[in-house]
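Step one of this worksheet: look at the structure below.
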Amino acid sequence: MPVFKKSLKKRDNDNASPAVVATMDDFGTPPVKQLDARLGMDCYRDFYTLKNYWKTVGRRWKESQGLFMYRYLKMCPEAKERYHKLNGLDIDSPECSESAFETIASNYLKVFDEVISAVEQTPADASSACQRLSSIGKMHRSKVNGIKFDDFQQLEAPFLYMIGEVLQDRFNEKAEMLFRKFFQFCLRFILEGFNS
């Protein structure tokens, strides 16, 4: 007597079109999603993990944007001069409630959020995310006075700091590695647009 009997009940994919059945294995599960190699992550599972960590940032958006921008401006005080709206402000804590501070900080985080959403929609082809990042680099070259290509790299430490503060005890070596790779992916295409 065979150990595994074929079920007498019809499976859901028995009536499916041949094209759908061809994309499923014997148990009716879809194949593992592929991830664009440009992201620098080993597999889709890594991106999926990063995306789930990012949801925590989304739930704590106001706090996240304050932590990120405050840390960036403390590390690079000369960056404050590039933003005319921030020049007269006294930013003494991440909880700064000035609308100009909140708007600029939110714009930075929205870029990362849009990139994660774009990759999530088409994980095997991150071209739309790459184009978005490239356009941001071009925009900074034309609209932000005095910015140099290496100024973008200075955003990494505040970005990782913000992630660490938001994730708290969930921020481990793997989370840091994933967000470091993600930031480097973003940086690569921002600089590509900036230098073009």
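The values are calculated or read from the model by the stated rules, or taken from the named source; none is laboratory data. Since the model is a prediction, treat every value here as computed from it, not as a measurement. Cβ placement follows ideal geometry from the backbone for every residue including glycine, while neighbour counts extend to all protein chains displayed.
Listed values, structure above:
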quantity	calculated
Any pair with Cβ under 7 angstrom, 6 or more apart, that starts in the range 128-145 at a residue that is farther than 24 Å from Glu81 by Cα and ends at one that is of a type in the set (Val, Ile, Thr)	Ser128/Thr122; Ala129/Val115; Ala129/Val119; Arg132/Val115
All helices (runs of 4 or more DSSP H) inside the range 80-196 with 2 or more residues being among the basic types (Lys, Arg) and modelled with pLDDT of 90 or more	127-143, 173-195
Positions within the range 34-86 being surrounded by fewer than 15 Cβ atoms within 10 Å (Cβ to Cβ), acidic (Asp, Glu) and more than 30 Å from Ser142 (Cβ to Cβ), in sequence order	Asp42
Criterion (touching a residue at least 40 places away in the same chain (Cβ under 8 Å), in contact with a helix residue (DSSP H, G or I) (Cβ under 6 Å, 6 or more places away or on another chain), closer than 17 Å to Arg180 by Cβ and aromatic (Phe, Trp, Tyr)) met by exactly one of Phe47, Phe112, Phe68	Phe68
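Yes/no matrix, rows are residues, columns are (1) at positive phi; (2) touching an Asp or Glu at 6+ places or on another chain (Cβ under 9 Å); (3) surrounded by 19 or more Cβ atoms within 10 Å (Cβ to Cβ):
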| site | (1), (2), (3) |
| --- | --- |
| Ala105 | no, no, yes |
| Glu114 | no, no, no |
| Thr122 | no, yes, no |
| Ile147 | no, no, no |
| Lys181 | no, yes, no |
